[in-house]
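Below is one structure, written out as structure tokens; comments come after it.
The values are calculated or read from the model by the stated rules, or taken from the named source; none is laboratory data. Keep in mind that what you see is a predicted model, and the values were worked out from it rather than measured. Cβ sites come from the backbone with ideal geometry, for glycine too, and all protein chains shown count toward neighbours. Keep in mind that these areas ignore ligands, DNA and RNA; they rest on the heavy atoms of the full protein, side chains included. Shrake-Rupley method; radii C 1.70, N 1.55, O 1.52, S 1.80 Å.
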Amino acid sequence: KQFEQDLIFRNILLSTQQEASIDGILVVDEHDQVLSHNQRFAQMWQVPETILRQPRDSALLKFVANQLQDPKAFVQQVRAIYARRGQTDQTTIHLADGRIFDRYTAPLLDHQQRYLGRVWFFRDITEREANANRLQRERSKLQGLIQAIPDLLWLKDSQGRYLLCNPVFERFFGATEAEIIGKTDYDFVPKELADFFRANDQRAIDAEIGRAHV
């Protein structure tokens, strides 16, 4: 009786964890038959219940693949993964409607490492990828601006180490940006002049801190 109660509790816990996940989850057995899925999976792929109820995953695989930019490559990947039973795999897949999913899969193994099936995780990373692309474009614009400025331009950290500089600054110091980054004024000019630059830097830092506390 206690064993039955423990089993019921574990099933409830597993089901709750699956439904609470932000990932779409699909579980298949060693014969590639669908064992379970969460609602997030059905929502992400907009899969009809009639397909999800079918024991074999062939109809589900076809339905999912038809939503991708490259259905043939996706099916080939899935078949290859099923053939490599003990391996995990992760990749990014692009849907025809513009969405981007991160796909991760891992085998289900018992305590003797016998293959019991496979679990698939799908996470919608469309917004994350869009933000990353936006950030990259902004960085490219900033880099272009830095390169075009005709005056000396540089950036240091709080310890006086150079983080970046423009071509005008490179010519001024007679060194490339790669040679300048990570170094301080003490690596390029006499100590007296470096002390002067460092004192100016510290005054600028102190003034910025003072404004932040106003």
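Averaging the sequence gap over all C-alpha pairs within less than 8 Å and six or more residues apart, then dividing by the number of residues, gives the stretch 52-128 a relative contact order of 21 percent.
Straight-line reach from K191: taking Cα to Cα under 18 Å and skipping same-chain neighbours fewer than 8 places apart, the aspartates and glutamates in range are D201. What residue among N200, N38, N166 shows peak mean-square fluctuation when the chain is described by a Gaussian network model with Cα springs under 10 Å? Result: N200 has the largest fluctuation of those listed.
Straight-line cross-link partners of K62 among the aspartates and glutamates, defined as a Cα under 16 Å from its Cα and at least 8 positions apart when in the same chain: D32, E49, D70. For the stretch 96-175, the carbon plus sulfur part of the accessible surface works out to 55%, probe radius 1.4 Å.
Sorted on the mean count of surrounding Cβ atoms within 10 Å across their residues, most packed first, peptides 190-196, 67-73 read 67-73, 190-196.
For the stretch 132-191, the average shadow cast by the Cα convex hull is 4.8 nm², which is a quarter of the hull's surface. Rounded to the nearest 500, the 222 nm mean residue ellipticity of the chain from helices alone is -15500 deg cm²/dmol, with -39,500 (n - 2.57) taken per DSSP H run of at least 4 residues. Our summary gives the chain a relative contact order of 12 percent, counting only alpha carbon pairs under 8 angstrom and 6 or more residues apart. Converting phi to 3J(HN,Hα) with the Karplus coefficients 6.51, -1.76 and 1.60 and the offset θ = phi - 60°, the stretch 170-187 yields 4, 5, 5, 8, x, 8, 7, 4, 4, 7, 8, 4, x, 9, 10, 4, 5, 7 Hz in sequence order, with x at every glycine or proline. The Rg/Rh ratio of the chain, with Rg taken over Cα atoms and Rh as the Kirkwood radius over Cα pairs, comes to 1.25.
Between Q69 and D102, what is the label-point separation in nm under the 7 Å Cα-to-beta-carbon projection? In this crude label model, D102 to Q69 measures out at 1.9 nm. Using 0.36 nm per residue and subtracting the Cα-Cα separation, the extra length available between I125 and A148 on full extension is 4.8 nm.
Between E177 and E208, the C-beta separation translates, for a Förster distance of 22 Å, into a calculated FRET efficiency of about 0.35. Measuring between their Cα centroids, the stretch 66-104 and the stretch 148-199 lie 48 Å from each other. Computed from backbone phi, the HN-Hα couplings of the stretch 60-73 come to 5, 4, 5, 5, 5, 4, 5, 8, 9, 5, 10, x, 4, 5 Hz, rounded to whole numbers (Karplus: 6.51 cos²θ - 1.76 cosθ + 1.60, θ = phi - 60°; Gly and Pro given as x).
At q = 0.11, 0.18, 0.19 Å⁻¹ the log10 of I(q)/I(0) for the stretch 24-150 amounts to -0.47, -0.98, -1.07, computed by Debye summation with a single uniform scatterer per C-alpha, solvent ignored. A straight chain from D187 to A80 at 0.36 nm per residue would run longer than the Cα-Cα distance by 33.0 nm.
Other residues with beta-carbon under 13 Å from the beta-carbon of L135 carry, at +1 per Lys or Arg and -1 per Asp or Glu, a net charge of +2.
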